[in-house]
Amino acid sequence: MPGSTNFIVIASNGIHHVNINFCGCFGAAEPRDQLLEVGWWPASPIEPQTAATMELLRLFHVVNLQARSPPTDFYRSLEQLTDGNGLLKLPDRLAQWMLMVREWRHIKMAKRAGCGQDPAGIEATKQGELAILCRACPQPGINLPLGWERAPADVRWLYHLILAQDANFKIKGRLRSNDHKDPALGPGWATFVGNEDYTNHLSKFADQNEISHCVSFAALWAANTKGKKGLRARGIGSVSCARHEIFHPNGTGDLQEGERYSNMDYIFLSSVVATTLLMITVSYDIACQWSKHLPSRMKNLPECLHIPPNLRLQYRVPKFHLPAHVEKCHAPFSFNYTKWVGRTDGEGVERNWSSLNGTARCVAVMGPGGRQDTLDDFCNYSNWRKTVGLGDSLLRKLTLTIPQAILHHRAFEVFTISLHGEHPEKLREWEQQVQAWEVDPSKPCPYDLPREDITMADIKQQLAEEEHQRVESGEKSTIELSPSQFIIEGLQIEEVQRSIRAEATKSDSTIIQATSLQTRRTTSAKQRNTMASIKDQHGLP
C-alpha cells in the first residue's frame, strides 16, 4: 500500500524525511499499528505523516524528568543536530512532537499502574489509581494487620496518617487554550483532582477571599500571590505525606485566586476521602486559621467528599513556620507537644517544591490539559524515586533514632526521679495540668511561660500608645517632636549607626559601595544635628 513520500521521522540523531510504504495485504494491521511494530510512535492514529522513535521518546522522558529540560528546547536541539548551520528549511513538527510526548507520558503511566491488563480497558481507570502510593504510610488492606481498627490505644497510633498541605505560587499557568480544546488525558487519574468537578465547585465561590493568616511573612506572602494578569492559575495546592514526602492521590490542584478556602478544602478532602483510617494529623503553615469551621465548610462541598464521622483530624503548624505565628498558636499547634508524631517537622511538602519548581518554566506556557498531565508525571516520578530510596532512608533514620531515643529516655528518667525527690507536689501538679490540657486544649496551657523579655518592637508600641493617649486627651505641644517620637527617632538613628559601623569594617569595598557608605554617613550626621536642636526644646542635657 503506497505510503508517504514526505514522511517525517524524529529520531535521536535528528529530523528525517523518509519514503515509506505500508503493507496492504488482506488482514494487515492499520498503518499506525505497523509503525508501532517497528518502534515508531505515530503523531496521529489516522493517516499518520509524522512519527518519533520510541528510543527518542524514552530518552526525552528520562532527560525531561531528571533534568527538567522542556520539550520545546529538546526539539530545537534535534533541529540543531539535523542542520547545525541553520541553512536548511526543516519541517516544523513541534506541535506533533508535543502531542506525542503527552501521549507517551500518559500511556507509560497507565502501563506502570497495570491498566493495560484491565478487561474493561483504560477507560475503567479510577480516580487516583495511577498515583504511586507511599509504601511506608498506613494503607488498609495493603500493609496493616487484620483487625488494626480494634487495636488498643497504646498501639493504634501506629496506624495514623500524617499529611502536609501547602500552596506553591511558583508553578503558574498562563491563560492558554481551554479545557475543551486541551483536555487532560487522565483527568483525576493520578495526583491531580478531577478538573471538571473541581471547576464546578470553584464557580460557586468566585468572590471568596483568601485564607486569613497570623504569620509574620506578610511581605513574602504578598510577593507570592501578586500579579494575576494573563494567568489561568497563580499556583498549585498540594497534599503529601509529611514523613516520606510522597504526593497523595488526588491531592493537587490549581489555585486561581490564591490560597482560598474553597480550593484548599477541596484538594485536602479529595486526598483523604477514600481512606478508612481513624486518625490523621494535618500539617499546614496556616492551620490555625484553616482548621476553623472546616466541618461546617465541608457541608458546602459535594457529598462524595465528606469524611466519615469516626475519622479524627488534628492540625499542626510546621516547625519552621510556627515561630512566625502569634504566641497563642505556639503550643496548641506545635509538633513538639504532640503525641505519636515522633520528630516529624511537617516541612516535607516544602522540600517537594524544591524539585517540582524546576518544571515551572515548562508548564507555565502549556494548556490546562497538558499542564495537568505533565505535573502528574513529575509528581509520580518524584514518588517513585523516593519509594526506591525508602529502604536506605528509613535505615538511616533508624540508626540515628535508636541511640538518641535511649539517651533521651535515660536523661528523662533521671530528671523525673530528681523532681520526685525534690518537688513532688509541683511535679504532680504539672502532670495534671499537662493531662488536662491534652484532653481539652481550651484549659490553661502548661507550656506557655510568662514573657520576661522586652523587644524593640514592644518599646515602640508602648511609646506609640502613650502618644495616642496624649493626642486623644487634647494635650497640645509646640515642640516639633513629642517625647515618644523623639525616643523612637533616636532608636532608629542608633540602628543606622550600627549598620554603618559594620559596613565600614569591610576592607574590600568598591568605589560605588564606598560612595554609598559616605552618603549614609552624611544623612546620619544631618539627622543627629536635627535631633540635637530638638533635644534642647525638651530640656535634655
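The values are calculated or read from the model by the stated rules, or taken from the named source; none is laboratory data. Model, not experiment: these values are computed from the prediction. Reconstructed Cβ throughout: ideal geometry from the backbone, glycine too, with neighbour counts over all protein chains shown. Areas reflect the complete protein model, heavy atoms only, side chains present, ligands, DNA and RNA absent. Shrake-Rupley method; radii C 1.70, N 1.55, O 1.52, S 1.80 Å.
Are any residues in segment 505-516 open to solvent by less than 80 Å² (accessible area, probe 1.4 Å) and either modelled with pLDDT under 85 or touching a strand residue (DSSP E or B) at 6+ places or on another chain (Cβ under 9 Å) (or both), and if so, which ones?
Answer for segment 505-516, where residues must be open to solvent by less than 80 Å² (accessible area, probe 1.4 Å) and either modelled with pLDDT under 85 or touching a strand residue (DSSP E or B) at 6+ places or on another chain (Cβ under 9 Å) (or both): 509, 510, 514.
Between residues in segment 91-105 that are in contact (Cβ under 8 Å) with a residue 24 or more places away in the chain and residues that are in a helix (DSSP H, G or I) and open to solvent by 20 Å² or more (accessible area, probe 1.4 Å), which pairs lie under 8 Å by C-beta distance while being six or more apart or on different chains?
Short answer, once both residue conditions are applied: 98/72.
Residue 38 - would you say it is free of Cβ contacts under 8 Å to residues at least 40 places away in the same chain, open to solvent by 50 Å² or more (accessible area, probe 1.4 Å) and among the β-branched types (Val, Ile, Thr)? Step through it out loud before you land on a result.
Values: free of Cβ contacts under 8 Å to residues at least 40 places away in the same chain: yes; open to solvent by 50 Å² or more (accessible area, probe 1.4 Å): yes; among the β-branched types (Val, Ile, Thr): yes.
So residue 38 fits the description; yes.
Can you tell me which residue is modelled with the lowest pLDDT among those in segment 430-463 that are surrounded by 10 or more Cβ atoms within 10 Å (Cβ to Cβ) and among the β-branched types (Val, Ile, Thr)?
459
List pairs: first residue in segment 352-364 and in contact (Cβ under 8 Å) with a residue 40 or more places away in the chain and closer than 16 Å to residue 191 by Cα, second residue buried (at least 21 other Cβ atoms within 10 Å of the Cβ) and among the charged types (D, E, K, R) anywhere in the structure, Cβ distance under 6 angstrom, at least six positions apart or on different chains.
Between residues of segment 352-364 that are in contact (Cβ under 8 Å) with a residue 40 or more places away in the chain and closer than 16 Å to residue 191 by Cα and residues that are buried (at least 21 other Cβ atoms within 10 Å of the Cβ) and among the charged types (D, E, K, R), the close pairs are 363/371.
Kindly evaluate residue 109 against the criterion of being touching a residue at least 40 places away in the same chain (Cβ under 8 Å), open to solvent by less than 60 Å² (accessible area, probe 1.4 Å) and in contact with a Pro (Cβ under 9 Å, 6 or more places away or on another chain). Give the derivation first.
Numbers: touching a residue at least 40 places away in the same chain (Cβ under 8 Å): yes; open to solvent by less than 60 Å² (accessible area, probe 1.4 Å): yes; in contact with a Pro (Cβ under 9 Å, 6 or more places away or on another chain): no.
So residue 109 fails the test.
Out of the residues in segment 293-311 meeting the condition of being in a loop (DSSP other than H, G, I, E, B) and open to solvent by 40 Å² or more (accessible area, probe 1.4 Å), tell me which one is nearest to residue 155 (Cα to Cα). Can you show your working first?
Start the filter on segment 293-311 by keeping residues that are in a loop (DSSP other than H, G, I, E, B), which leaves 293, 299-302, 306-311.
Keeping just the survivors that are open to solvent by 40 Å² or more (accessible area, probe 1.4 Å) gives 293, 299-300, 302, 306, 308-310.
Values: 293: 30, 299: 33, 300: 35, 302: 34, 306: 27, 308: 22, 309: 21, 310: 18 Å.
Per the criteria, the residue is 310.
Restricting to segment 262-292, name every residue that is open to solvent by 10 Å² or more (accessible area, probe 1.4 Å), farther than 22 Å from residue 179 by Cα and within 16 Å of the chain's Cα centre (by Cα).
To start, the set of residues in segment 262-292 that are open to solvent by 10 Å² or more (accessible area, probe 1.4 Å) comprises 266, 270-271, 273-276, 278-279, 285, 289, 291-292.
From what's left, farther than 22 Å from residue 179 by Cα: 271, 273-276, 278-279, 285, 289, 291-292.
Scanning segment 262-292 gives 271, 285.
Yes or no, residue by residue, for (1) modelled with pLDDT under 95; (2) closer than 11 Å to residue 11 by Cα; (3) not in a loop (DSSP other than H, G, I, E, B):
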position: 44; (1), (2), (3): yes, no, no
position: 47; (1), (2), (3): yes, no, no
position: 64; (1), (2), (3): no, no, yes
position: 74; (1), (2), (3): no, no, yes
position: 78; (1), (2), (3): no, yes, yes
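For the list (1) open to solvent by 20 Å² or more (accessible area, probe 1.4 Å); (2) in contact (Cβ under 8 Å) with a residue 40 or more places away in the chain; (3) touching a strand residue (DSSP E or B) at 6+ places or on another chain (Cβ under 7 Å), I need the number of the one condition that residue 52 fails.
The one condition residue 52 does not meet is (1).
The conditions are (1) open to solvent by less than 30 Å² (accessible area, probe 1.4 Å); (2) modelled with pLDDT of 95 or more, and residue 362 fails exactly one of them. Which is it?
Only one criterion is unmet by residue 362, namely (2).
Being among the aliphatic types (A, V, I, L, M), assigned to a loop (DSSP other than H, G, I, E, B) and surrounded by fewer than 16 Cβ atoms within 10 Å (Cβ to Cβ) is the filter here; which residues of segment 137-189 pass it? Quick ask: steps written out before the conclusion?
Residues of segment 137-189 among the aliphatic types (A, V, I, L, M): 142, 144, 146, 151, 153, 155, 158, 161-164, 167, 171, 175, 184-185.
Going one step further and asking which of them are assigned to a loop (DSSP other than H, G, I, E, B), we end up with 142, 144, 146, 151, 171, 175, 184-185.
Within segment 137-189, 142, 146, 151, 175 qualify.
Only one residue in 318, 323 is assigned to a helix (DSSP H, G or I), within 22 Å of residue 166 (Cβ to Cβ) and either modelled with pLDDT of 95 or more or not polar (S, T, N, Q) (or both). Which one?
Numbers: 318 fails: assigned to a helix (DSSP H, G or I).
The match here is 323.
Quick check on segment 10-18. Is at least one of its residues in contact (Cβ under 8 Å) with a residue 40 or more places away in the chain and part of a loop (DSSP other than H, G, I, E, B)?
yes
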